[in-house]
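Nothing in this text is a laboratory measurement; each read-out follows from the coordinates by a stated rule. Remember, predicted model here, so these are calculated numbers, not experimental data. Note that each Cβ is placed from the backbone with ideal geometry, even for glycine, and that neighbours are counted across all protein chains shown.
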C-alpha cells in the first residue's frame with residue numbers, strides 16, 4: 001500500500017458535487033501537486049485530508065491508518081495556508097515553537113528543534129523578530145517552519161506562495177523543494193500555477209470538475225498531455241482538428257484533435273528557405289502579433305482562417321520578425337500529438 005492512499009473520495013455541497021470519486025496514491029517522501037483551475041476541487045481535497053472538511057464518501061489512509069473519521073488534531077497532518085496566520089505578539093522563535101509547547105515537549109528539546117528549523121529556513125538572525133518586522137517571504141518561511149517542526153506525517157500546502165511577488169515566489173519554490181528533499185517530507189501542494197507545479201513537483205495530479213484528468217511526472221505531462229483540457233491548461237499548446245491540420249499543411253491526418261507545442265515549430269521568411277531544403281510540413285501565414293514573454297518571443301500567426309502560436313528564444317543575436325510579414329512555419333509530423 002502507498003504511504004498516502006485516497007480511495008473514491010466524494011464530496012457534495014447541496015446540488016454541487018465538488019469531488020467525484022477521486023482516487024490517488026502518494027509514496028513516502030514525495031512532493032506532489034494538485035493542479036487545476038479555480039473550483040476544480042483541489043483545495044477541498046486538501047482540506048479533507050487535513051480533516052477540515054468531512055467527506056461524504058470514500059477513505060483516506062496514511063501510513064496504513066484510516067484517518068477518514070479522525071478529528072484534525074489526531075491526524076498528525078501539518079498545513080500551510082496562503083495567509084501566514086502568525087501570532088503577531090510572538091517572536092519568530094516562539095511562533096515556530098508554539099506547536100511543540102502545546103505538545104508539552106521538554107524546554108531543551110524545543111530549543112534544539114526550533115534552532116535547527118530556523119537554520120534550515122535561513123532565518124537565524126531573525127529569531128527574536130516579530131511578524132510585523134518581516135517581509136512577506138520571511139513570514140511565509142516562518143509559517144512553513146512552524147508546520148515542519150512538529151514532524152507531521154504529511155505537510156499540506158494550500159497555495160502558500162500566491163501572495164508573494166514573482167521574484168520571491170520563484171526563490172521560495174526552490175527553497176521549499178530543497179527543504180522537502182533534506183527532510184524527506186511527504187508534501188501535497190495545491191496551486192493553479194502551471195509553472196510552479198512544474199518547478200517543485202515529483203508528480204502532478206491535474207484536476208478539473210472534481211476529477212483527476214491526468215497524472216504523472218512534470219516532464220511526461222508536458223510532453224504528452226493526453227487530452228484537450230490538459231493541453232490547453234498546462235502549456236499553451238496549439239490545439240487543432242485534423243481538418244484544420246489537413247487544410248494548413250496539405251497532409252492527411254487521422255481524424256481527431258491534435259496538440260502541438262509552440263516551441264517545436266520554426267519560422268522562416270518566405271524567401272529565405274525553399275521547402276526542399278528541410279523535410280517536414282510547411283504552413284504559410286502572416287505574423288499578426290509578437291509579444292515578449294521574458295526569454296521567449298511568441299508570434300501569433302494567421303494561416304488562412306486559423307490562428308497558431310510559435311515560440312522562439314528571445315536572443316539578441318536574432319532580430320524579431322516584423323508584424324505583417326508573410327512567413328513559412330516548419331513543423332515535423334512527429335510533433336503532432338493525437339489527443340484522446
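By DSSP, what percent of the beta bridges with both residues in the chain are antiparallel, rounded to the nearest 5? Can you show the working numbers first?
Values: 50 of 67 bridges.
In the chain, approximately 75 percent of DSSP beta bridges are antiparallel ones.
Once each part is reduced to its C-alpha centroid, what is the distance from region 300-338 to region 42-94 in angstrom?
Centre-to-centre distance over Cα atoms comes out at 47 Å.
With springs only between Cα atoms under 10 Å apart, run a GNM on the chain and tell me which of 191, 59, 33 wobbles the most.
Comparing 191, 59, 33 in a Gaussian network model of the chain, the most mobile one is 59.
Let me check against my output: what whole-number percent is the relative contact order of the chain, with C-alpha pairs under 8 Å and at least 6 apart?
Values: 645 pairs, mean separation 55.6, N = 340.
Taking the mean separation of contacting Cα pairs over the length of the chain, I get 16 percent.
Need one number: convex hull volume per residue for the chain, Cα atoms only, in Å³.
Working: hull volume 60.6 nm³, N = 340.
Looking at the chain, the number lands at 178 Å³ per residue.
Taking 1 over the mean of 1/r across every pair of different Cα atoms in region 1-100, what Kirkwood radius in Å do you get? Before the final figure, lay out each step's value.
Values: mean 1/r = 0.0661 Å⁻¹.
That comes to 15.1 Å for region 1-100.
Please give the Cα centre distance for region 140-194 versus region 235-274, rounded to the nearest Å.
A separation of 39 Å, based on Cα centres.
What is the mean projected area of the alpha carbon convex hull for region 194-294, to one decimal in square nanometres? If you can, show how the numbers build up before the last one.
Numbers: hull surface 35.3 nm².
Mean projected area for region 194-294: 8.8 nm², to one decimal.
For region 131-204, rounded, prolate or oblate, judged on the Cα gyration tensor with a ≥ b ≥ c (square roots of eigenvalues), a/c < 1.5 rounded, else prolate if a/b > b/c?
Numbers: a/c = 1.78, a/b = 1.08, b/c = 1.66.
Because a/c hits 1.5 or more and a/b fails to exceed b/c, region 131-204 counts as oblate.
How long is region 237-338 along each principal axis, judged by its Cα atoms, biggest number first, in Å?
40, 28, 23
Note the full-extension length gain between residue 124 and residue 111 as 0.36 nm times their separation in residues minus their Cα-Cα distance, in nm to one decimal.
Working: separation 13, 0.36 × 13 = 4.68 nm, distance 1.26 nm.
Roughly 3.4 nm would be gained on extension.
Just to verify a number: FRET efficiency for residue 295 and residue 63, C-beta to C-beta distance, R0 = 51 Å, to 0.05? Provide the component values of the computation, followed by the final result.
On the way: r = 43 Å, r/R0 = 0.83.
Using R0 = 51 Å, I get an efficiency of 0.75.
Taking 0.36 nm per residue of sequence separation and subtracting the Cα-Cα distance, how much length would be gained by fully extending the chain between residue 70 and residue 133, in nm to one decimal? The partial results should precede the final answer.
Values: separation 63, 0.36 × 63 = 22.68 nm, distance 3.75 nm.
Difference between extended and current length: 18.9 nm.
Run lengths n ≥ 4 of DSSP H only: what is the helix-derived mean residue ellipticity at 222 nm for the chain, with -39500 (n - 2.57) per run over all residues, to the nearest 500?
On the way: 9 runs with 93 residues, N = 340.
Computed ellipticity for the chain at 222 nm equals -8000 deg cm²/dmol.
Identify which of 31, 155, 267 has the largest mean-square fluctuation in a Gaussian network model of the chain, with springs joining Cα atoms closer than 10 Å.
267
Stretch residue 263-residue 151 to full length: gain in nm at 0.36 nm per residue minus the Cα-Cα span? The partial results should precede the final answer.
Numbers: separation 112, 0.36 × 112 = 40.32 nm, distance 4.26 nm.
The span from residue 263 to residue 151 would gain 36.1 nm if fully extended.
Going by average Cβ density within 10 Å per residue, which order do the peptides 3-11, 198-206 take, highest to lowest?
On the way: 3-11: 19.0, 198-206: 21.6.
For the peptides 3-11, 198-206, the packing ranking is 198-206, 3-11.
First measure r as the distance between the Cβ atoms of residue 184 and residue 302, then evaluate 1/(1 + (r/R0)^6) with R0 = 41 Å and state the FRET efficiency to the nearest 0.05. Could the numbers behind the result be given before it?
Details: r = 51 Å, r/R0 = 1.26.
The calculated FRET efficiency here is 0.20.
Ordered by packing density, taken as the mean number of other Cβ atoms within 10 Å over each peptide's residues, highest first, how do 73-83, 119-129 rank? Intermediate values should be presented prior to the final figure.
Details: 73-83: 17.4, 119-129: 14.6.
So the order, starting with the most tightly packed, is 73-83, 119-129.
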